[in-house]
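**Student:** I'd like to ask you about the structure that follows.
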Amino acid sequence: MAIEFAARISRIPTYPVAAGYALGDDVAMLASNESPFGPLPAVVEAAQRAVVGVNRYPDPSYSPLRLALADRYGIAPGRIALGNGSCDILLAAGEALLEPGAEVVYAWPAFSVYPHLAAASGARAIEVPLDAEDRHDLEAMATEVTVATRLVLICNPNNPTSTALGLEQIEALLERVPRHVCVILDEAYCEFALTLGDPFTSVELLRRWPNLVLLRTFSKVYGLAGMRVGYALCGDERFRQAVDLVRQPFHLGAVSQGAAVEALAHQDAVEDRVTRTIAYRLALEEGIRGLGMWLADSEANFVWVRLPNSEDPAGDEAAITRGLAERGVLVRAGASLGREGALRVTVGTEAENARFVAAMAELL
Ligand SMILES: Cc1ncc(COP(=O)(O)O)c(C=O)c1O
């Protein structure tokens with residue numbers, strides 16, 4: 001007899017992880033929107049210093065990181081939630097807010113973890129299609145908010161389509177959402193978005209909207225994906241309390257915390273990496289347009305490319321991702337992210353990006 005699991009286990013979709021981690025060094029890893037730049041030496045040293053003390057549990061209040069973020073963003077430490085990656089906070093938000101009978105509204109395609117929230121909780125997922133330019137259709141999303149809505153998720157810039165909305169549009173949506181409905185603005189890539197100004201601009205919105213939560217991560221611009229550190233800046237301390245209640249007390253390791261605190265102290269290097277990433281992205285976009293392909297307007301460290309129209313978009317996409325992998329280039333197929341006939345390509349180093357363009361030229 002097989003083990004009997006809770007009914008929700010059969011509903012939860014499997015997260016489409018990237019393949020290829022075992023392929024060795026000579027692979028252009030353009031599939032997971034990571035930073036191509038390694039952690040700064042000072043960050044590595046901070047992690048090494050922290051590892052010496054790991055016979056002890058981490059500080060359960062995570063004070064150093066909470067205080068460093070509080071100081072940077074001018075937010076009370078009690079309104080800052082930390083997580084084992086921002087995914088951890090997202091899943092905890094689902095657990096804290098959703099239940100059978102409740103509804104969660106989000107655009108689709110967006111971040112692949114969003115469908116998990118409804119599936120795990122028994123809530124209803126309302127997926128609102130992106131507009132023709134692959135942007136969030138906030139008007140359509142607002143009309144989907146009902147008395148059952150507990151959570152609205154906005155991915156800005158949106159993964160996988162790379163597009164971003166201006167904050168005035170986000171504010172217009174917030175005006176239309178009742179104050180008891182939590183709105184999570186997932187800003188995993190906000191540092192790359194010129195449209196959004198700097199990472200402090202959206203923080204201002206928290207003053208007006210206590211139901212707003214800004215979800216951020218050290219996995220992208222800070223180059224610490226393997227450390228798993230995310231945070232949320234909350235309009236209301238009760239959100240932080242709720243996501244802490246549903247999780248284990250020690251959800252962030254001491255080494256990860258040490259690395260993140262140090263990473264925050266090197267904003268000049270972060271800005272330099274943003275500048276380089278955007279320059280590399282512009283060159284990558286030019287290369288892709290040169291192949292005659294349509295790209296969404298990227299505000300992130302990745303691009304979203306539509307493959308030429310065909311009778312068999314799924315087949316073409318599979319053949320192209322296979323062909324790219326054979327040439328040592330890993331990207332993400334649109335079908336695994338909610339839309340077939342497209343590719344999501346992370347901005348890598350200049351050499352990796354050129355390798356992608358050259359491989360595509362051969363395959364098209
Ligand atoms: C939009 C978005 N949100 C959140 C995350 C989660 O990041 P992490 O759990 O590494 O902080 C990702 C990762 O790819 C993402 O694309």
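The values are calculated or read from the model by the stated rules, or taken from the named source; none is laboratory data. Keep in mind the model is a prediction, meaning the values are calculated, not measured. Neighbour counts are summed over all protein chains in view; Cβ atoms, including those assigned to glycine, are modelled from backbone coordinates with ideal geometry. To get the accessible areas, we keep the full protein, side chains included, count just its heavy atoms, and leave off ligands, DNA and RNA. Shrake-Rupley method; radii C 1.70, N 1.55, O 1.52, S 1.80 Å.
**Student:** What nm value, rounded to one decimal, do you get for the distance between R124 and W294 when each label is placed 7 Å out toward the C-beta?
**Tutor:** Between R124 and W294, the label points sit 3.2 nm apart.
**Student:** Tell me which residues come under 5 Å, amide H to amide H, from F302 once H is placed; ignore anything under 5 positions away on its chain.
**Tutor:** Here the answer is V347, since their amide H atoms fall under 5 Å of that of F302.
**Student:** Tell me the carbon and sulfur percent of the accessible area for the chain, rounded to whole percent, probe radius 1.4 Å. Walk me through the intermediate numbers first.
**Tutor:** Details: 8620 of 16000 Å².
Percent of accessible area from carbon and sulfur atoms in the chain: 54.
**Student:** Could you work out which residue, out of E191, E99, E133, moves most in a Gaussian network model of the chain, that is, has the largest mean-square fluctuation with Cα springs under 10 Å?
**Tutor:** Top of the fluctuation ranking is E133.
**Student:** Let me spell out the model: positive unit charges on the Cβ of Lys and Arg, negative unit charges on the Cβ of Asp and Glu, origin at the Cα centre of the chain. What dipole size does that give, in debye rounded to 20? All intermediate terms of the calculation are to be shown ahead of the outcome.
**Tutor:** On the way: 31 positive and 46 negative charges, 211 e Å.
Here the size comes out at about 1020 debye.
**Student:** For N159, what residues show an amide H to amide H distance below 5 Å, using hydrogens built from the backbone and excluding near sequence neighbours?
**Tutor:** Residues meeting the amide H criterion: F111.
**Student:** List the chymotrypsin sites (Phe, Trp or Tyr not before Pro) within the stretch 157-213 that fall in a DSSP loop (any state other than H, G, I, E or B) and whose Cβ has at most 13 other Cβ atoms within 10 Å.
**Tutor:** Values: sites: Y189, F192, F200; in loops: Y189, F200.
The qualifying sites are F200.
**Student:** If you average the C-alpha positions of the stretch 207-225 and of the stretch 59-123 separately, how far apart do those two centres end up, in angstrom?
**Tutor:** Cα centroid of the stretch 207-225 versus Cα centroid of the stretch 59-123: 9 Å apart.
**Student:** Normalised by the number of residues in the chain, what is the relative contact order in percent for Cα pairs under 8 Å and 6+ residues apart?
**Tutor:** Numbers: 676 pairs, mean separation 87.5, N = 364.
After rounding, I find 24 percent.
**Student:** Projecting each Cα onto the charge dipole of the stretch 259-347 (Lys/Arg +1, Asp/Glu -1 at the beta carbon, about the Cα centre), which of N301, A263, A333 comes out farthest on the positive side?
**Tutor:** Looking along the dipole axis, the top candidate is A333.
**Student:** Okay, moving on. Once phi is turned into θ = phi - 60°, what whole-Hz ³J(HN,Hα) does the Karplus curve with 6.51, -1.76 and 1.60 give for every residue of the stretch 225-233, x standing for Gly and Pro?
**Tutor:** 4, x, 7, 6, 10, x, 8, 10, 9
**Student:** Based on the alpha-carbon gyration tensor of the stretch 136-183, what equivalent-ellipsoid semi-axes (square roots of 5 times the eigenvalues) come out, in whole Å, largest first?
**Tutor:** Details: eigenvalues 74, 26, 17 Å².
With the √(5λ) rule applied to the stretch 136-183, the semi-axes are 19, 11, 9 Å.
**Student:** Using a probe radius of 1.4 Å on heavy atoms only, what accessible surface per residue do you get for the chain? Whole Å² is fine.
**Tutor:** Working: 16000 Å² over 364 residues.
It amounts to 44 Å² per residue over the chain.
**Student:** Something else: Which residue fluctuates most in the GNM of the chain (Cα springs below 10 Å): L82, L291, L324?
**Tutor:** Of L82, L291, L324, the most mobile in the Gaussian network model is L291.
**Student:** Can you give me the pair-distance distribution of the chain, C-alpha pairs, 20 Å bins, whole percents?
**Tutor:** With a bin width of 20 Å, the distribution comes to 29, 59, 12.
**Student:** Right, another one. Nothing charged except the Cβ atoms of Lys and Arg (+1) and of Asp and Glu (-1): what's the magnitude of the dipole of the stretch 307-346 about its Cα centre? Round to the nearest 20 debye. Don't skip to the end; give the middle numbers.
**Tutor:** Details: 5 positive and 6 negative charges, 57 e Å.
My answer is approximately 280 debye.
**Student:** Looking at the chain only, what percent of DSSP beta bridges run antiparallel? Nearest 5 please.
**Tutor:** Numbers: 18 of 39 bridges.
For the chain, the DSSP antiparallel bridge percentage is about 45.
**Student:** Also: Kirkwood hydrodynamic radius for the stretch 228-364: how many Å is it when counted over pairs of different Cα atoms? Each step should come with its number before you reach the end.
**Tutor:** Values: mean 1/r = 0.0564 Å⁻¹.
Computed over the stretch 228-364, the radius equals 17.7 Å.
**Student:** Among 297-304, 205-212, how do they line up from the highest to the lowest mean number of other beta-carbon atoms within 10 Å? Before the final figure, lay out each step's value.
**Tutor:** Details: 297-304: 25.0, 205-212: 17.4.
Answer by packing, highest mean first, reads 297-304, 205-212.
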